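Enquirer: Can you keep this structure in mind? I'll have questions shortly.
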Amino acid sequence: MSAVEQQLESIHQQIVNELPRDISVSAVTYEGPELVVYTRDPKKFAEKGDLVRKLASKLRKRITVRPDPDVLTRPNDAEAAIREVIPEEAGITDLDFHEDTGEVVIEAAKPGLVIGRHGSTLREITQRVGWTPEVVRTPPIESATVRNVRNYLKQEREERRAILERVGRQIHRRELSDEDWVRITTLGCCREVGRASFVLSTPETRILVDCGDKPGSEKEVPYLQVPEGLGGGANTIDAVVLTHAHLDHSAFVPLLFKYGYDGPIYTTEPSRDLMGLLTLDYLDVAAKEGRTPPYESEMVREAIKHTFPLQYGDVTDIAPDVKLTFHNAGHILGSSVAHFHIGDGLYNVAFSGDIHYEDTRLFNGAVNDFPRVETLVLESTYGGRNDYQTDQEDSERKLVQLINETHDRGGIVVIPAFAVGRSQEIMLVLEEAIRTGKIPEMPVHLDGMIWEATAIHTTYPEYLRDDLRNRIFHEDENPFLAEFFNHIDGGEEEREAVRDAGPSVILSTSGMITGGPIMSWLEHLGSEPNNTLIFVGYQAQGTLGRRIQSGWDEIPMTDNGRTKTLTLKLNVETVDGFSGHADRQGLENFVKTMNPRPEKVLCVHGDERSVQDLSSALYHKYKMRTFAPKNLETFRFR
Ligand SMILES: [Zn+2]
């Protein structure tokens, strides 16, 4: 018997001892971080509402109870009973029975009504039919991504369960080493923005945190080949943790599967879906530009299949000696600060990922409250001594003014924006400005993946700011459904029609003008002096966006393989303050109010000057040990 089997055997015995005599336990197994308990008496389990919670706290594990397949009510009868229990207003759109696990996935417009107070409706379902219900929200705006991901996971359920069981055994294996140390190796995004990637290692475990590309530079990829990385083989990594879906953090996650990795990815549910959307688009853009994509779309599907979605605040065992907890980072949908608790009280590290400290229209500000943290790995995008941004109200005023001025002279406003995050923030600003008459009603066109990304936002309102969440729950108040928003899906013809139709606002990807439909918009609108190009997001060095922002007006364009020059005559403006990143003040505040304040800070994810400035400021102000590492440095913490 293996160590894991012995452990399961003893847990089985412990559970039997804890449970009332009339509740049987037929098997106990691990699926990923969870302990799954099979029973012939699911209804009795459900009757005693807090039994599972008590077991979970006693065993200090996440527990799922599953019925033995032969005690289940037949799906047809179960469906009728379930529809009886759930109130009509919940708006069930799909019921999907999985006989192998005894789970029924219920997709509904209002999941809260399916769950009931403290899960009472869910328990009632199990009491009636034996099945274990799992609830997902029907996207208020149809999203092809969400639909595809859900269908794919449904289809791959069997294999996914095999992966879960294998990973579960890995996580709960016996620790071999009796040494204690913790190291972080930087594989990218040090003294630069882009190719975020770190390895967090202990004698027992090696975790890859993020694996992104560098915008505007195909050649600079994370240093995965070093021995600390994947040099010893892809499966020397135990787990991949993804802080958020932006490509400079996620682009090369699917590549790991091409290298033979077959372990878990931990991220939030919206980050999983957005990673799918953005990496598939990344492959598409590469192909269109005649580059060889680094991996095939099959690898994106592998990544999705290996993803274990976690919610904010869930403390999850991801290795024998590592617990992971995600907290809201306020940066984009599903973005997280990843907190690692290592050993039994040995050490704690938090990776900020990208953060926004203050509340924005879309998100609550980043969480900086933890049980313990000794080391913080902190993004420094706007860490430079002068990187103070205008506050958002002033920025909004300036944006509104620029739009009005352009409108009055008959021009069109074009805003390059990341599909995920800035676009929705600007949509909310425009929605309010038009609703309250601050700008005249005019079409707001959304090009590239912005509409699809917006649909994903409305699928996961729990990840949005409280008041926005409530508006999305009420269909007639959902700001993203305002009628002046127009989804461009007709290609060049539609764009030409927009160009000729008078004043409007266009939001288009890519955010740093590194490809995508924004290139067409520059061609259509760039030579007209009445039009305005407005930058609202960070423009990384080496990108076309940065060059235009700093005054270049001769732009090389490729047209059917030939290069020509486009002369820009439109106004070029920058409105900062909409960034998804904390500015210098926000970064300082994040550290200053952090509870507890860390002993050490690694300033990363910023250009040379930004990381140096921030590192020295934090040292002088708060007397902490600070570092501005280069790529490929290793820090030992214990
Ligand atoms: Zn980001």
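The values are calculated or read from the model by the stated rules, or taken from the named source; none is laboratory data. Please read all numbers here as calculations on a predicted model, not as lab measurements. Counting neighbours? That spans all protein chains shown, and the Cβs are built from the backbone with ideal geometry, glycine included. For the accessible areas, the whole protein counts, side chains as well, though only heavy atoms, and no ligand, DNA or RNA atoms are used. Shrake-Rupley method; radii C 1.70, N 1.55, O 1.52, S 1.80 Å.
Enquirer: I'm trying to understand the selection: among the residues of region 253-269, which are away from the ligand (no atom under 16 Å from the Cβ) and within 22 Å of residue 331 (Cα to Cα)?
Expert: 265, 266, 269 - these are the residues of region 253-269 that are away from the ligand (no atom under 16 Å from the Cβ) and within 22 Å of residue 331 (Cα to Cα).
Enquirer: Could I ask something else about it? Identify all residues within region 331-374 that are without any contact (Cβ under 8 Å) to a residue 60 or more places away in the chain, more than 25 Å from residue 172 (Cα to Cα) and of a type outside the set (A, V, I, L, M, F, W, C); write none if there are none. Before the answer, list the steps.
Expert: So the first thing to find is which residues in region 331-374 are without any contact (Cβ under 8 Å) to a residue 60 or more places away in the chain, and the list is 339, 341, 344-345, 348, 365, 367, 371.
From the residues that got through so far, the ones that are more than 25 Å from residue 172 (Cα to Cα) too are 365, 367.
Hit for region 331-374 is 365, nothing else.
Enquirer: Pairs please, first residue from region 162-186 and over 11 Å from residue 205 (Cβ atoms) and open to solvent by less than 10 Å² (accessible area, probe 1.4 Å), second anywhere and assigned to a loop (DSSP other than H, G, I, E, B) and of a type outside the set (A, V, I, L, M, F, W, C), Cβ atoms under 6 Å, 6+ apart in sequence or on different chains.
Expert: 167/32; 167/264; 168/32; 186/629; 186/631; 186/633
Enquirer: Could you list, in sequence order, all residues of region 231-252 that are away from the ligand (no atom under 16 Å from the Cβ), free of Cβ contacts under 8 Å to residues at least 60 places away in the same chain and within 27 Å of residue 334 (Cα to Cα)?
Expert: Passing the criteria: 234, 235, 237, 240.
Enquirer: Here are some residues: 423, 504. Which one is among the small types (Gly, Ala, Ser), open to solvent by less than 40 Å² (accessible area, probe 1.4 Å) and touching a His at 6+ places or on another chain (Cβ under 9 Å)?
Expert: So the residue among 423, 504 that is among the small types (Gly, Ala, Ser), open to solvent by less than 40 Å² (accessible area, probe 1.4 Å) and touching a His at 6+ places or on another chain (Cβ under 9 Å) is 504.
Enquirer: Hey, among the residues in region 263-296 that are over 16 Å from the mean Cα position of the chain (by Cα) and farther than 19 Å from residue 510 by Cβ, which one's surrounded by the fewest Cβ atoms within 10 Å (Cβ to Cβ)?
Expert: Among them, the one singled out is 292.
Enquirer: Name every residue in region 104-117 that is free of Cβ contacts under 8 Å to residues at least 24 places away in the same chain and not in a loop (DSSP other than H, G, I, E, B), in order of residue number.
Expert: Our first condition is that a residue be free of Cβ contacts under 8 Å to residues at least 24 places away in the same chain; within region 104-117, this holds for 112, 115-117.
Within region 104-117, 112, 115, 117 meet the criteria.
Enquirer: Let me ask something else. Looking at (1) under 26 Å from residue 148 (Cβ atoms); (2) among the β-branched types (Val, Ile, Thr); (3) touching a residue at least 60 places away in the same chain (Cβ under 8 Å), can you tell me which one residue 505 breaks?
Expert: In the conditions (1) under 26 Å from residue 148 (Cβ atoms); (2) among the β-branched types (Val, Ile, Thr); (3) touching a residue at least 60 places away in the same chain (Cβ under 8 Å), residue 505 misses (1) alone.
Enquirer: For the list (1) farther than 21 Å from residue 268 by Cβ; (2) open to solvent by less than 70 Å² (accessible area, probe 1.4 Å); (3) of a type in the set (A, V, I, L, M, F, W, C); (4) out of contact with any Ser or Thr (no Cβ under 7 Å at 6 or more places or on another chain), I need the number of the one condition that residue 196 fails.
Expert: Every listed condition holds for residue 196 apart from (1).
Enquirer: Considering each residue of region 367-383, count those that are open to solvent by less than 10 Å² (accessible area, probe 1.4 Å), assigned to a loop (DSSP other than H, G, I, E, B) and within 14 Å of the ligand (Cβ to nearest atom), and give that number.
Expert: 2
Enquirer: Another one. Looking for whichever is under 21 Å from residue 565 (Cα atoms) and outside any loop (DSSP other than H, G, I, E, B) here; the options are 512, 519. Which one fits?
Expert: Details: 512 fails: outside any loop (DSSP other than H, G, I, E, B).
519 is the lone residue from the list that is under 21 Å from residue 565 (Cα atoms) and outside any loop (DSSP other than H, G, I, E, B).
Enquirer: From the list 233, 229, 260, which residue is more than 21 Å from the chain's Cα centre (by Cα), under 23 Å from residue 153 (Cβ atoms) and among the small types (Gly, Ala, Ser)?
Expert: 260
Enquirer: Quick one: count up the residues across region 48-65 that are of a type in the set (Asp, Glu) and surrounded by 15 or more Cβ atoms within 10 Å (Cβ to Cβ).
Expert: 0
Enquirer: A further question follows. Which pairs do you get when a residue that is in contact (Cβ under 8 Å) with a residue 60 or more places away in the chain, found in region 277-288, comes within reach of a residue that is of a type in the set (Ser, Thr, Tyr) and in a helix (DSSP H, G or I), reach meaning Cβ atoms under 8 angstrom, with the pair 6+ apart or on two chains?
Expert: Filtered contacts from region 277-288: 277/145; 278/250.
Enquirer: Now a separate question. So which residues in region 80-108 are in contact with a strand residue (DSSP E or B) (Cβ under 8 Å, 6 or more places away or on another chain) and open to solvent by 60 Å² or more (accessible area, probe 1.4 Å), if there are any at all? Write out each step before concluding.
Expert: Looking only at region 80-108, we keep the residues that are in contact with a strand residue (DSSP E or B) (Cβ under 8 Å, 6 or more places away or on another chain), and these are 82-83, 86, 90-98, 101-108.
Hits for region 80-108 are 83, 93.
Enquirer: Among 158, 142, which is the only one that is surrounded by fewer than 20 Cβ atoms within 10 Å (Cβ to Cβ), in contact (Cβ under 8 Å) with a residue 40 or more places away in the chain, acidic (Asp, Glu) and closer than 24 Å to residue 263 by Cα?
Expert: So the residue among 158, 142 that is surrounded by fewer than 20 Cβ atoms within 10 Å (Cβ to Cβ), in contact (Cβ under 8 Å) with a residue 40 or more places away in the chain, acidic (Asp, Glu) and closer than 24 Å to residue 263 by Cα is 158.
Enquirer: Would you mind finding the one in 600, 592, 621, 569 that is without any contact (Cβ under 8 Å) to a residue 60 or more places away in the chain, under 28 Å from residue 327 (Cα atoms) and touching an Asp or Glu at 6+ places or on another chain (Cβ under 8 Å)?
Expert: Being without any contact (Cβ under 8 Å) to a residue 60 or more places away in the chain, under 28 Å from residue 327 (Cα atoms) and touching an Asp or Glu at 6+ places or on another chain (Cβ under 8 Å) holds for just one of 600, 592, 621, 569, which is 621.
Enquirer: When residue 281 is evaluated against the numbered criteria (1) within 16 Å of the ligand (Cβ to nearest atom); (2) modelled with pLDDT of 95 or more, which criterion, by number, is the only one it fails?
Expert: (2)
Enquirer: Same structure again: With the condition being free of Cβ contacts under 8 Å to residues at least 12 places away in the same chain and more than 16 Å from residue 172 (Cα to Cα), I'd like the helices (runs of 4 or more DSSP H) fully within region 1-103 carrying at least 1 qualifying residues.
Expert: Working: elements: 3-18, 42-47, 51-59, 75-85.
Passing ranges, in order: 3-18, 51-59, 75-85.
Enquirer: Would you tally the residues in region 300-322 being among the acidic types (Asp, Glu) and surrounded by fewer than 16 Cβ atoms within 10 Å (Cβ to Cβ)?
Expert: Initial filter on region 300-322 (among the acidic types (Asp, Glu)): 302, 314, 317, 321.
Retained after the next criterion (residues that are surrounded by fewer than 16 Cβ atoms within 10 Å (Cβ to Cβ)): 314.
The total comes to 1.
Enquirer: Residues to consider are 288, 305, 323; find the one that is basic (Lys, Arg) and over 20 Å from residue 252 (Cβ atoms).
Expert: One residue alone meets the criteria, 323.
Enquirer: Let me ask something additional. Enumerate the strands (runs of 3 or more DSSP E) found wholly within region 528-638, keeping only those where 2 or more residues are more than 16 Å from the ligand (Cβ to nearest atom) and surrounded by fewer than 22 Cβ atoms within 10 Å (Cβ to Cβ).
Expert: In region 528-638, 554-559, 562-567, 571-574, 625-627, 634-636 are the strands (runs of 3 or more DSSP E) which contain 2 or more residues that are more than 16 Å from the ligand (Cβ to nearest atom) and surrounded by fewer than 22 Cβ atoms within 10 Å (Cβ to Cβ).
Enquirer: Here is a follow-up. Among the residues of region 189-241, count how many are under 21 Å from residue 304 (Cα atoms) and of a type in the set (S, T, N, Q).
Expert: 3
Enquirer: Can I ask one more? Quick check on my filter: what residues within region 123-168 are part of a strand (DSSP E or B) and aliphatic (A, V, I, L, M)? Full working, then the answer.
Expert: Residues of region 123-168 part of a strand (DSSP E or B): 132-137.
Correct list: 135, 136.
Yes/no per residue for (1) out of contact with any helix residue (DSSP H, G or I) (no Cβ under 9 Å at 6 or more places or on another chain); (2) farther than 25 Å from residue 448 by Cα; (3) modelled with pLDDT of 95 or more:
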{"residue": "215", "(1), (2), (3)": "no, no, no"}
{"residue": "220", "(1), (2), (3)": "yes, yes, no"}
{"residue": "228", "(1), (2), (3)": "yes, yes, no"}
{"residue": "235", "(1), (2), (3)": "yes, yes, no"}
{"residue": "239", "(1), (2), (3)": "no, yes, yes"}
{"residue": "265", "(1), (2), (3)": "no, yes, yes"}
{"residue": "274", "(1), (2), (3)": "no, no, yes"}
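Enquirer: Could you grab the pairs with beta carbons closer than 6 Å, sequence gap of 6+ or different chains, first residue in region 456-472 and without any contact (Cβ under 8 Å) to a residue 12 or more places away in the chain, second one open to solvent by less than 60 Å² (accessible area, probe 1.4 Å)?
Expert: Matching pairs, first to second residue: 469/461.
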